[in-house]
Each structure stands twice: as C-alpha cells, then as structure tokens.
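Scroll down for the structure; my scribbles are underneath it.
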Amino acid sequence: MDLVIINLIDGLFYGLLLFMLSSGLTLIFSMMGVLNFAHASFYMLGAYFAYQISMYLGFWMGLLIAPLLVGVVGALVERYGLRRVHQYGHVPELIFTFGLALLIEEVIKFFWGNNLMAYQEPEILKFALFSIGNNAVPAYKVFMIFTSVAIFIGLLYILTRTRIGMIIQAALSYPRTVEALGHNVPLIFMGVFGVGTALAGVAGVLAGPVLGTFPGMAFVLGSIVFVTIVIGGLGSLWGALVASLLLGWLTTFAASSSFPFASILESFGMQRPESLSDSYLRDLWTLTLPQIGPILPYILMVLILVFRPHGLFGKRDV
Amino acid sequence: MRIPTKFGVTAALALSVSATAAFAENIKIAFIDPLSGPFATTGTNGLAEFQFAAEELVNKKGGVLDGDMFEVIGLDNKMDGKESLINLQVAIDQGAHYVVQGNSSGIAHALTEAVNKHNRRNPDSQVLFLNYSAVDPALTNEKCNFWHFRFDANADIKMDALTDAIVQNDEISKVYLIGQDYSFGKAVAEAAQRDLGAKKDSIEIVGNELHPIGKVKDFTPYARKIVSSGADAVITGNWGSDMVGLGKAIIEAGFTGPIYTYYAASNGITRTFGEAGVGKINLVGEGALNPAGSPEVDEYVDAFEAKYPDHDISQPRIANVVRMLAMAIEEAGTATDVVEVAKALEGMETDNFWGGKIKMRAEDHQAIQDVYVMEQASGLKHLLDNSDYGLETAVKVEMASADIPTTCEMERPE
C-alpha cells in the first residue's frame, strides 16, 4: 500500500514534468500546425542555461532568467527561421525543426562538452519532506509538482479568461479575420512560439537537477513528448494534461512492479520448460514488466491512433 | 568551456610532433579509442593519460634502448568496430608495433582477432595489442592469444574483490542487483550471484533486475523498489547517465547503505553526485590515489592535473602499461621484434606504479594486481572533476584473484 501511494506521487511528478513539455508543444501545434521537433532541445537549453546562471547567481535566478532566455531564443527562431520556411509548406518546416534539434545538441556539446553537468537543486530544498514507509519524498519534487500545477492554472486562465487569450484562440481558428480586425497575427505566432519554448525551458530548469543535465537529455525525452500530445489529442491543453499524467503513472507503475510474464503463460496452463534455450517462448518466460515499461507509451499511442485517431481530447485527426 | 581541453590536446599533439622531428627513432604506440562522439570524454582522457605517461615515465628519463622515445598517436575509432580495424591498418602502415585500446570489450574482441590474423600473415610487421580497459573475461580466457595483454583487472576479478568487501561488512545481509539490460549488465549480475552465493550463505539477494539501457528517464520507481526491498547494499554495473540517474534516485529515495559500482567516477559523475555521494558511492578498481602508494605517485598526479586541468587520472593502469612496455623493450633489447618483447612482458613481475606489485600472468596475459574498493569522500589530496570530492580507499585486496582459473590455451610462436 505504501508503495502504491509513493508511486502515485512519483508518477504525478513525472507526469507533470511531461505536461510542462507537452503543453508548449501542443500550443505551438494548435496555432501553427507545426510539429516542433526541436521542442525537447529547448528543454535541454533551459537546463544548461540555468546551470550556467546558477554557477554565478544561484538556482532561483536561474529559474527566473533561463526560461526567459529560452523563450527569446524560441521567438527569434520563429521570427527569422520558421516564418521564412512557413511559405514553403509543412514538410520544410518539419525538416527545419529537425535540423534545429541536431544543431542545438551540437552547440551544447561544443560549449559544455559531453560530460554530465553538476547542476544541483537549491540547498534549502535538499531535504526529505516526508517519508512513506522507508521511502523519502524530497522537498524539491513537491516544489516541482506545485510549480507545474501553478503553471497549468496560469496558462488556462490566460487562454480562457483574458483578452490576449481570446485573441490567441481566435487567431487559431480564423487567422485572416483576426488579421482583418487589426491584430498583428505574426506577432501573436511569435509570442506563442516564445511562450511554448519558454515552458519547455522551465521544464528543463526544474528537471535538470533530478534527471541529469547531459547532451542526450533532449533525445531521451523527445519522443515521449510527441507520444503524449498524440494520445492527448493534438492541440488540446486538457488532453496534454490527462495524457501526461496517464503516461507518468503508467511508466512509474510499470517500472516499480516486478510482474513476470511467466505468470501469464502459467495461467494458460503452460509449464515452464526444463531447458529454456530450447523453448521458442524463452524470452517470454524470463521477461518482466519493468523491462518493457518504456515501450508501453508507444503501444498506447498505437492503440489510440487505431481506435480514436484524434486522441483523447483532440478535435482534429492527426 | 572546452577550449582549454582543446588547447591541452593540441599542445600534446604539437609536442609529440615536435618530438618526431627531433628524434629519428620513435617507438610508436597507436591509441585506438573514441576521440569524437558521445564517448569522446573517456577517449580524450585516456589519450592525455597515455601521452603524459610516455613523456614522464619514459621520454624524460632518456627513453628506452639508446634514447628511443615513445610516441603516442591518437586514432579516432568513433566507438566502432570497423573503424577500429581501419585504424589498426593505419597504425601498422605508420610503423607502429604497439596498439592500445580499452573502451568497449566488443571492439577489443575485433582488434585481438585482427591482430592475431595480421601477425600470422605478416611476420615482418607484427604488433602487440595492449588492452588497458576492456574487461570482458573472455579476452583472457577462451578468446586469448599471444599478442593480447590486459593491464586492467577483468570483470570477474573486480567482482571477486567487491564481494570480498561485501562479505567482510557485517552490516550487509541483503543485496540488490540492478543493471543495464545488455551483456555487461548481465555479466555483472551473474558474477555477483555466483560469488556471493559461494562466499557467504547468509547473504540474501533481494532483487535482481535489468532496466533498458539509456531509455529510462526517471529512475525513481526502481529506487522505490530497492528501498522497499529492505536491501542493505546495491551492486550495479551502470555507466554514464544511467549511473548518475540511478544513483541519485536511490540516494534521494532515502537509501542509506553503500552502492557498489564499476564506473561511477570522473567525467562529471563525481561532481554531479557531490556531497550526496559521500560514503555511499563505492567503486571497485585498480590503482588508488587516496592515499597514494608513494610520494612519486603524488607528484605524478599533481603534475598531470597541472598539465591537463580538465582531465583526471581516471585509468591509473595506463601508467603501468607504459612503464611495463618500456621495461619489456629494455629487457628484450629490441622494440621492433615484438615476439621478444611479448616474451619479456609475459610473466613479468615488478613494482606497480600505484603501490604494491603487479604481475603479468604468462598463461593468459592477465595482469594480477591489488584491487581496491574506494569510497567517494571529501577533503582528499587528489580530487576528481575539479570538484571537492574524490575516491578514498576503503578496502584493499592484495594481488586480487591471483589464482583465478583460466581456460586460455595459448599458441606461442617459435
């Protein structure tokens, strides 16, 4: 029971981290119709910027400045890169963001090298807030959970309750009309791209100390973010939230279980063979759930695409 | 931020080039390891250690024979087997008689086979393969050959020493094994099970688990399982970001016991663990820096850190490779007839540069030396990663596994 509660908390933490990444990505997609392959790279940039800033000004300034910097970089990329490529259609845009992801990784390796960075959580959050059984829950993780919930509420408020949010939503569906009403739609696009990448930057700043700050961090998380928004429904903020939490709990519970596939085979009345090397099912006899945990999200994505192609909350097909 | 390193490497290269100009007779040592790509840090660090060792231990002392100097040539194999074989050919074409390699046992297998074939077919340009880091036991067992020498303790020897340390510790009765889901991770788990079972009945293995390599984003669920299992100690063969992710998650989950590892130091890892790793991260390896075996070692390490501030002495055995090669060449009286050099090298018993003795077993070409279990600690003389932390010897196993059996049946040239 203890383990279930602790896994719920861990899954919530991981799910909300995914949400911070996928919310920006889904926002950008719903606005521009562009799948930003470089999204996770902005997450990595956030972590590295924050690490560099934290060396001089401490963690909190890093948390404040790094996402802003990432947002500015994102906005510049939109203004001088994507906007030019946009006129040639979606495929060049995809290729552009794909190239950008590679470029950012190489730039990071050039300046910071291949080594892991010693990016640490702040001293005042370096303690175990409470324990369930013997398992400690670090204060930093709780702080992260609250920060991302606050970001979600703030984002939802801006999008649905403010004038800017209304214009953004209108620009989503009827860009020409909004433009005719005198609003600067390209500027809105740039702003949304900037905010989306800044959100990825926040995720990087917060996750860097926990998941490690190294040149492969974008690659590790990149594909799963796409899976999240496909499951949640492209362009849906609620969908991104639900899918993120779903994946967070799914991977956490899968990794912490030790469910053996042999028990399924036995429930079919099969006997474990004496010599496994002769059995054509030998892999199934020795496989456990944690070993295939990381592919579960992809299986879920395939199922969603087959049975509900527009995702859990999405309005349009992929 | 990497510029100092680049300068260091360039300077070292320039140095070796200028050495070429000054002396006609250079003994070339081809260093075949990744110098670019994701594993470049380990490779460039190893190259720096080799160049420094050649300079300090041989060239500054007047070289070998009649003033012949050692020259280390770095060849980038991009961590790829095929590329390594091309490098081997390049090295041979350049007149190198000695090849050193260490990263990845897979590549070591490819090289040892290629060297064996080459030497059989080309008696005029034979080469020796000095393996300084690839630890797959097979290289000195069923796959051994006369031209291959291993200076690192192999995986079985390290596990033997590690389990010795665990058995001595009365506080440990439950052990959790976790590793990456591939050959090395499985080999570590198997060796740990075998050794612990044979040494102490009362030790219980409460978990034996493999996780996908390089795919796990958050190690917390694994850490929760480890804590809940009531384990007193963890053994893992993880490396790179998998090592840091796992280690940090375990410590943060409130685990208080030791974590026994193979590769949890340097390349940013020591620095990243920082204070949290003190007394918890344990590493098994040869060559201890704290305390150093002799004042000479202290001087050597200080001089290295001064010359390469971005690198560490992370693979102490490299000093032994260079020194023992020089001694073997002196004894054989030739650097070009590698059969004579190999014969001088096998069975050689001499002082280990890092303290104690080192013996190159003749029957399988496996070096037998002291193996240490070291603990991350602060306030030490020699630190890693430009941090405040380093490794301190906790347990020393003298001439570890000196009688470990081997299945090697070596064919020796006439």
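The values are calculated or read from the model by the stated rules, or taken from the named source; none is laboratory data. None of the values given here were measured: they were computed from a predicted structure. Every residue, glycine among them, receives a Cβ derived from its backbone with ideal geometry; neighbour counts consider all protein chains shown. These accessible areas exclude ligands, DNA and RNA; they are computed on the full protein's heavy atoms, side chains included. Shrake-Rupley method; radii C 1.70, N 1.55, O 1.52, S 1.80 Å.
Below is a table of values for the structure above.
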read-out	value
All positions within the stretch B:223-236 that are within 7 Å of chain A (Cβ to nearest Cβ), under 14 Å from A:Ser257 (Cβ atoms) and either open to solvent by 10 Å² or more (accessible area, probe 1.4 Å) or hydrophobic (A, V, I, L, M, F, W, C) (or both)	B:Lys225, B:Ser228
Residues satisfying the stated conditions in the stretch B:384-403, i.e. outside any strand (DSSP E or B) and either among the aromatic types (Phe, Trp, Tyr) or within 19 Å of the chain's Cα centre (by Cα) (or both)	B:Leu384, B:Asp385, B:Glu398, B:Met399, B:Ala400, B:Ser401, B:Ala402
Lone qualifier among A:Val205, A:Val225 - being within 22 Å of A:Phe19 (Cβ to Cβ), part of a helix (DSSP H, G or I), in contact with a Pro (Cβ under 7 Å, 6 or more places away or on another chain) and open to solvent by less than 10 Å² (accessible area, probe 1.4 Å)	A:Val205
Qualifying positions in the stretch B:173-207 - more than 18 Å from B:Asn238 (Cβ to Cβ) and more than 14 Å from every other protein chain (Cβ to nearest Cβ)	B:Ser173, B:Arg194, B:Asp195, B:Leu196, B:Gly197, B:Ala198, B:Lys199, B:Lys200, B:Asp201, B:Ser202, B:Ile203, B:Glu204
When residues of the stretch B:254-289 are limited to those that are facing chain A (nearest Cβ under 8 Å) and not in a helix (DSSP H, G or I), the one farthest from B:Trp354 (Cα to Cα)	B:Gly254
Residue check, B:Ala328 open to solvent by less than 10 Å² (accessible area, probe 1.4 Å), under 30 Å from B:Glu414 (Cβ atoms), of a type outside the set (Ser, Thr, Tyr) and without any contact (Cβ under 8 Å) to a residue 60 or more places away in the chain	yes
Yes/no for B:Glu305 being away from every other protein chain (no Cβ under 14 Å), open to solvent by 40 Å² or more (accessible area, probe 1.4 Å) and not in a strand (DSSP E or B)	yes
Residue count for the stretch B:380-414, restricted to those that are open to solvent by 60 Å² or more (accessible area, probe 1.4 Å) and more than 22 Å from B:Asp312 (Cα to Cα)	8
Hits in the stretch B:172-222 (condition: surrounded by fewer than 18 Cβ atoms within 10 Å (Cβ to Cβ), assigned to a helix (DSSP H, G or I) and not hydroxyl-bearing (Ser, Thr, Tyr))	B:Lys186, B:Glu190, B:Gln193, B:Arg194, B:Gly197, B:Ala198, B:Lys199
Any hit, the stretch B:124-140, residues being of a type in the set (D, E, K, R), open to solvent by less than 20 Å² (accessible area, probe 1.4 Å) and not in a helix (DSSP H, G or I)	no
The stretch B:210-222, residues that are of a type in the set (Val, Ile, Thr) and more than 7 Å from every other protein chain (Cβ to nearest Cβ)	B:Ile213
A:Gly311 vs. criteria open to solvent by less than 80 Å² (accessible area, probe 1.4 Å) and under 18 Å from the mean Cα position of the chain (by Cα)	yes
Whichever residue in the stretch A:82-99 is closer than 16 Å to A:His39 by Cα, out of contact with any Phe, Trp or Tyr (no Cβ under 6 Å at 6 or more places or on another chain) and open to solvent by less than 100 Å² (accessible area, probe 1.4 Å) and, among such residues, is nearest to the other protein chains (Cβ to nearest Cβ)	A:Gly99
Residue satisfying all of: in the stretch A:183-201; open to solvent by 20 Å² or more (accessible area, probe 1.4 Å) and among the aliphatic types (A, V, I, L, M); nearest to the other protein chains (Cβ to nearest Cβ) among these	A:Ala198
Residue tally, condition modelled with pLDDT under 75 and either part of a helix (DSSP H, G or I) or β-branched (Val, Ile, Thr) (or both), over the stretch A:261-310	4
Any hit, the stretch A:271-290, residues being within 24 Å of the chain's Cα centre (by Cα) and over 26 Å from A:Leu102 (Cα atoms)	yes
Single residue of the stretch A:100-142 satisfying the filter (open to solvent by less than 50 Å² (accessible area, probe 1.4 Å) and of a type in the set (Phe, Trp, Tyr)) that is nearest to B:Asp312 (Cα to Cα)	A:Trp112
Qualifying residue in the stretch A:230-248 (condition: away from chain B (no Cβ under 14 Å), aromatic (Phe, Trp, Tyr), open to solvent by 50 Å² or more (accessible area, probe 1.4 Å) and farther than 21 Å from A:Asp10 by Cα)	no
Every pair of residues 6+ apart whose Cβ atoms lie under 6 Å, when the first sits in the stretch A:210-223 and is within 7 Å of chain B (Cβ to nearest Cβ) and more than 24 Å from B:Thr270 (Cβ to Cβ) while the second is assigned to a helix (DSSP H, G or I) and at pLDDT 85 or above	A:Leu221/A:Ala40
Pairs with Cβ under 7 Å, 6+ apart, first in the stretch B:367-394 and on the phi > 0 side of the Ramachandran plot, second open to solvent by less than 30 Å² (accessible area, probe 1.4 Å)	B:Asp385/B:Ser266; B:Asp385/B:Gly268; B:Asp385/B:Thr270; B:Asp385/B:Asp312
Yes/no for B:Ile251 being within 12 Å of chain A (Cβ to nearest Cβ), in contact (Cβ under 8 Å) with a residue 12 or more places away in the chain and under 25 Å from A:Pro215 (Cβ atoms)	yes
Residues of the stretch A:170-183 that turn out to be outside any helix (DSSP H, G or I) and within 30 Å of A:Val225 (Cα to Cα), as a count	1
Filter result for the condition that a residue is at negative phi, within 14 Å of another protein chain (Cβ to nearest Cβ) and touching a helix residue (DSSP H, G or I) at 6+ places or on another chain (Cβ under 8 Å), over A:Ile65, A:Ile6, A:Ile104	A:Ile6
Test: residue in the stretch B:273-283 that is among the small types (Gly, Ala, Ser), open to solvent by 30 Å² or more (accessible area, probe 1.4 Å) and assigned by TED's automatic domain parsing to the domain that holds B:Ile203	yes
Single unsatisfied condition, B:Phe151 versus (1) touching a residue at least 40 places away in the same chain (Cβ under 8 Å); (2) within 12 Å of chain A (Cβ to nearest Cβ); (3) in contact with a Lys or Arg (Cβ under 8 Å, 6 or more places away or on another chain)	(2)
Condition broken by A:Gln291, with the remaining ones in (1) open to solvent by 40 Å² or more (accessible area, probe 1.4 Å); (2) away from every other protein chain (no Cβ under 14 Å) satisfied	(2)
